[in-house]
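The values are calculated or read from the model by the stated rules, or taken from the named source; none is laboratory data. Because the structure is predicted, anything quoted here is derived from the model rather than measured. Cβ placement follows ideal geometry from the backbone for every residue including glycine, while neighbour counts extend to all protein chains displayed. Ligands, DNA and RNA are excluded from the accessible area calculation, which covers all protein heavy atoms including side chains. Shrake-Rupley method; radii C 1.70, N 1.55, O 1.52, S 1.80 Å.
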Amino acid sequence: MAKTEESLRDKPRWNLGGMTALVTGGSKGIGEAVVEELAMLGAKVHTCARDETHLQESLREWQAKGFEVTTSVCDISSRDQREKLMETVSSVFQGKLNILVNNAGTCIARPTLNYTAEDFSFLMATNLESAFHLSQLAHPLLKASGSGNIVLMSSVSGVVHVNGASIYGATKGAMNQLGRNLACEWANDNIRVNSVCPWFIRTPLMTDILGNEEFRKEVESRPPMGRVGEANEVSSLVAFLCLPAASYITGQTICVDGGATINGFSFKPLA
């Protein structure tokens, strides 16, 4: 039996006990749900965010729940801060990392002709470049763990057209292809890589947008399930992809969208 098969047999299939994880942008929304999901399954989690006050508030809540979570302040659009973050993670986890969730990102929605060069640079640096660079930086730690996982938090905008999201969608589409490439290139290092693509999810970032009743009804009309998603409906998939039970899943782009991306043109049947 191959060494990889033997090591997998020794691990509980539905437990992350003894594993370590870095989740970027973990103080709110989907990132916060991912931190809690991984911690509930037994992982030791380090997370980062730009807002230190909010990060400390979240940390106190996690500690009250008994989760093993550490934090640091980081703006992932900054190359220097990404390098400092990985130095911190290496120190906290003694040079080994099992899970990297590239969650932090941003969106600027507007018609394509209204985008500026600054918009383009900011979205590329925050969404795509950060995921690429952090994956590079994490590679030695993931390889050293003997069982590494990278989850890229993408979007349905990287799979299908979403109005006002041409640059955002480009960053997410590129992220999906990055995941496929890394899955092939790093498989021999026992590192799996997958992309998760949410539809509109009820998070603090979406509060104002979904507060517009007309827009919310339009959004809810697209998925066959007829509603937006919840953050813990995304975090559960992220956690599953990191479990030993998902050991043969890599290079995939998986939508969490209530069926929105496979829903064709709806019309009333002819009498």
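From the set of residues in the stretch 8-28 that are modelled with pLDDT of 95 or more and not in a loop (DSSP other than H, G, I, E, B), which is surrounded by the fewest Cβ atoms within 10 Å (Cβ to Cβ)? Filtering first and then ranking leaves Thr20.
Quick grid of which residues meet (1) modelled with pLDDT of 95 or more; (2) closer than 27 Å to Ala245 by Cα; (3) of a type in the set (S, T, N, Q); (4) surrounded by 14 or more Cβ atoms within 10 Å (Cβ to Cβ):
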{"site": "Val162", "(1), (2), (3), (4)": "no, no, no, yes"}
{"site": "Gly169", "(1), (2), (3), (4)": "yes, no, no, yes"}
{"site": "Ala174", "(1), (2), (3), (4)": "yes, no, no, yes"}
{"site": "Gln177", "(1), (2), (3), (4)": "yes, yes, yes, no"}
{"site": "Asn188", "(1), (2), (3), (4)": "yes, yes, yes, no"}
{"site": "Val193", "(1), (2), (3), (4)": "yes, yes, no, yes"}
{"site": "Cys197", "(1), (2), (3), (4)": "yes, yes, no, yes"}
{"site": "Thr203", "(1), (2), (3), (4)": "no, no, yes, yes"}
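Checking each residue in the stretch 73-108 for being surrounded by fewer than 15 Cβ atoms within 10 Å (Cβ to Cβ), part of a loop (DSSP other than H, G, I, E, B) and touching a residue at least 40 places away in the same chain (Cβ under 8 Å) picks out only Gly95. Quick check on my filter: what residues within the stretch 237-259 are in contact with a helix residue (DSSP H, G or I) (Cβ under 6 Å, 6 or more places away or on another chain), of a type outside the set (Val, Ile, Thr) and open to solvent by 40 Å² or more (accessible area, probe 1.4 Å)? Listed by number, the residues that qualify are Phe240, Ser247, Cys255. The residue of the stretch 213-271 that is modelled with the lowest pLDDT, among those that are among the polar types (S, T, N, Q) and in a helix (DSSP H, G or I), is Ser221.
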